[in-house]
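Chemist: Here it is, the structure in full.
Please treat every number below as a calculation from the coordinates, not as lab data. Keep in mind that this is a model prediction, so the values were computed, not measured. Glycine also receives a Cβ, built like all others from the backbone with ideal geometry; neighbour counts cover every protein chain displayed.
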Amino acid sequence: MNNDPVILGGKPIIIDPPEDLFKWPIITKEDEDAALDVLRRGAMSDTDITREFEKEFKTWQGREYALGYNNGTSALLGALWACGVGVGDEVIGPSLTYWASALGAFDLGATVVFADVDPVTLCIAPKEIENRITKRTKAIMAVHYLGHPCEMDAIMAIGKKHNIT
């Protein structure tokens, strides 16, 4: 058996790929109909669809509340605001991340303190978090990077120990 990559003459793994295998974003007929409904009703600035989504999502999650955002960057800003992050506070975050992980802290007037990442997972290293905590530290921004989850048990223990969100 030839174990070479396809580019070097090996056998392809996917012999007859579906036409839409690498098409993104995935948009269904239901998605199209929902978007057209909003456009045809002239409801672009309305929140009825968002409120319905929040209602269904909180039920699905078994929660009392759910709050929809227009994107992940806004959601992170909302989360930091809910944690009470403000001017003069510090938020510890990973040194390897997408800029949106830090933007919310800047928007609220806080300082981002970058911590080193684990060389294997590329996620924030818990021991590095503890080395950067000061009296101004208000929150830890955990980022699950490239499909690798952070060591949340260790991060949550550090937060609890130091009363940091």
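Chemist: What nm distance separates the two modelled labels at Trp60 and Glu32, each placed 7 Å from Cα along Cα→Cβ?
Modeler: The two pseudo-label positions are separated by 2.2 nm.
Chemist: Hey, another quick one. Put a dot 7 Å past each Cα toward the Cβ at Ile15 and Glu130; how far apart are the dots in nm?
Modeler: Taking the two extended label points, one gets 5.5 nm.
Chemist: For the chain, take every pair of Cα atoms, bin their distances at 5 Å starting from 0, and report each bin as a whole percent.
Modeler: 1, 7, 11, 13, 13, 12, 11, 10, 9, 7, 4, 1, 0
Chemist: Under the rule of -39500 (n - 2.57) per DSSP H run of 4 or more residues, summed and divided by the residues of the chain, what mean residue ellipticity at 222 nm is obtained, to the nearest 500 deg cm²/dmol?
Modeler: That calculation yields -11000 deg cm²/dmol at 222 nm.
Chemist: Mind checking the dipole of region 25-165: about its Cα centre, +1 per Lys or Arg Cβ, -1 per Asp or Glu Cβ, Debye to the nearest 20?
Modeler: Charge dipole of region 25-165: 560 debye, to the nearest 20.
Chemist: Skipping prolines and chain starts, which residues have an amide H placed within reach, meaning under 5 Å, of the one on Glu90, given they are 5 or more residues away or on another chain?
Modeler: Placed amide hydrogens put Thr111, Thr137, Lys138, Ala139 under 5 Å from Glu90.
Chemist: Can I ask one more? List Glu64, Glu130 from most exposed to least, where exposure is judged by having the fewest other Cβ atoms within 10 Å.
Modeler: With the fewest neighbours first, Glu64, Glu130 line up as Glu64, Glu130.
Chemist: Towards the positive end of the charge dipole of the chain, with charges on Cβ (+1 Lys, Arg; -1 Asp, Glu), say which of Trp24, Pro12, Gly88 has the farthest Cα.
Modeler: Gly88
Chemist: While we're on this one: Using the per-residue mean of other Cβ atoms lying within 10 Å as a proxy for protection, in what order, highest first, do the peptides 147-156, 6-15 fall?
Modeler: 147-156, 6-15
Chemist: Here is a follow-up. From the C-alpha gyration tensor of region 34-118, pull out the three semi-axes of the equivalent ellipsoid (sqrt of 5λ each), sorted largest to smallest, in whole Å. List each step's numbers first, then the result.
Modeler: On the way: eigenvalues 202, 45, 33 Å².
Result for region 34-118: semi-axes of 32, 15, 13 Å.
Chemist: Further, regarding this structure: Using the 2.2 N^0.38 Å rule of thumb for compact globular proteins, work out how region 72-162 stacks up: its C-alpha Rg over that value, please.
Modeler: Expressed relative to 2.2 N^0.38 Å, the Cα Rg reads 0.99.
Chemist: By counting other Cβ atoms within 10 Å of each Cβ, how are Tyr145, Tyr65, Tyr98 ranked from fewest to most? Show your work: numbers first, answer last.
Modeler: Working: Tyr145 19, Tyr65 8, Tyr98 13.
With the sparsest Cβ surroundings first, the list reads Tyr65, Tyr98, Tyr145.
Chemist: For each of Thr50, Thr121, count neighbouring Cβ atoms within 10 Å of the residue's Cβ, then give the residues from fewest to most.
Modeler: The most exposed by this proxy come first: Thr50, Thr121.
Chemist: I need the trypsin sites (Lys or Arg not before Pro) found in region 10-91, filtered to DSSP loop residues with at most 16 other beta carbons within 10 Å of theirs.
Modeler: In loop regions of region 10-91 (DSSP not H, G, I, E or B), the sparsely surrounded trypsin sites (Lys or Arg not before Pro) are Lys23, Arg63.
Chemist: At 10 °C and a viscosity of 1.306 mPa s, what translational diffusion coefficient does Stokes-Einstein give for region 1-68, taking Rh as the Kirkwood radius over Cα pairs? Give it in µm²/s as a whole number.
Modeler: Result for D is 97 µm²/s.
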